[in-house]
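Comments concern the structure below.
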Amino acid sequence: MSKLEYRFSFTEYDSIDELDPEDAWLLGEARDITKSAYAPYSQFLVGAVAKLANGEIIAGTNQENASYPVGLCAERALLASAATVYPNVPINTIAISYQTIGSNGNHPISPCGMCRQALQEFEERTNQSIRLILGGLEGKIFIIDQASQLLPLAFTGKELKK
Ligand code: THU
């Protein structure tokens, strides 16, 4: 028997002022795009903005539906859009922000389990890790070097090969 260990580390910043200008700009865009979310049911507006390896910028926001499970998270809206508009182009960095109607998010949120699965496969299919910048409209910010670090022992397409 052996006990295995999974280690994960990430960087915490006190505010957007501590970020590199390019990262600060991307987070600013993610904060802004939260306004485009359609979240009348949760009132939780999420914005995600990616810088692709070809230099292009792609955004996604959450899109809810009266039939609740139909709703789509900002991260998966972004991934679908990036893969459609620029097929096979890796993503370097995604900034993710949010606000709840009536108050500013003041701490980072991280992608839900379903989005972690989608991010993991996007990294795998493009052969490149995705950096994540996570922050609310104000407050601390987390930077994670590789999205799939959030999904240890991921289930992947390799398991489906005969
Ligand atoms: N949501 C996202 O868009 N991304 C996340 O990482 C977490 C949750 C959305 C889904 C739903 O529209 C709302 O936030 C509340 O869960």
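Just name one of T61, P152, Y86: the one whose Cα is farthest towards the positive end of the charge dipole of the chain (beta-carbon charges, Lys/Arg +1, Asp/Glu -1).
P152
Can you return the lysines within cross-link range of K51? Criterion is Cα-Cα under 29 Å, with same-chain partners fewer than 8 residues away left out.
Correct list for K51: K35, K140, K158.
Would you pull out the residues with amide H under 5 Å of A53's amide H, same chain only if 5 or more places away, H placed 1.01 Å from N?
Under 5 Å from the amide H of A53 lie the amide H atoms of I91, N92, each far enough along the sequence or on another chain.
Taking springs between alpha-carbon atoms closer than 10 angstrom, which of A37, A147, A66 fluctuates most in the Gaussian network model of the chain?
Greatest mean-square fluctuation among the candidates belongs to A66.
Among the aspartates and glutamates, which fall within straight-line cross-link reach of K162, defined as a Cα-Cα distance under 20 Å, with same-chain neighbours fewer than 8 residues apart omitted?
E121, E124
Answer rounded, prolate or oblate for the stretch 1-89, using the Cα gyration tensor with square roots of eigenvalues a ≥ b ≥ c: rounded when a/c is under 1.5, else prolate when a/b is larger than b/c, else oblate. Please report the intermediate quantities before stating the final value.
Numbers: a/c = 1.45, a/b = 1.20, b/c = 1.21.
Rounded, because the longest to shortest axis ratio a/c is under 1.5.
Taking a ≥ b ≥ c as the square roots of the eigenvalues of the Cα gyration tensor of the stretch 11-162, is the shape rounded (a/c under 1.5), prolate (a/b larger than b/c) or oblate? Provide the component values of the computation, followed by the final result.
Working: a/c = 1.61, a/b = 1.21, b/c = 1.33.
Oblate, since a/c reaches 1.5 and b/c is not below a/b.
Looking at the square roots a ≥ b ≥ c of the eigenvalues of the Cα gyration tensor of the stretch 34-77, which shape do they give, rounded for a/c under 1.5, prolate if a/b is larger than b/c, or oblate?
Details: a/c = 4.17, a/b = 2.31, b/c = 1.81.
Prolate.
Once you put a point 7 Å from the Cα of F44 and another 7 Å from the Cα of I101, both along the Cβ direction, what distance in nm separates them?
1.5
The chain: longest stretch without exposed chymotrypsin sites (Phe, Trp or Tyr not before Pro) (DSSP loop, at most 16 other Cβ within 10 Å), sites themselves excluded?
On the way: sites that count: Y6, F8, F10, Y41, F155.
The longest uninterrupted stretch comes out as 42-154.
Would you mind getting me the FRET efficiency between N88 and T156? Use the beta-carbon distance for r and R0 = 25 Å, nearest 0.05.
Details: r = 18 Å, r/R0 = 0.73.
With R0 = 25 Å, the Cβ-Cβ based efficiency is 0.85.
Read-outs: derived from the displayed coordinates by stated rules, not from any lab. Here the structure is a predicted model, which is why all the values come from computation and not from measurement. Note that each Cβ is placed from the backbone with ideal geometry, even for glycine, and that neighbours are counted across all protein chains shown.
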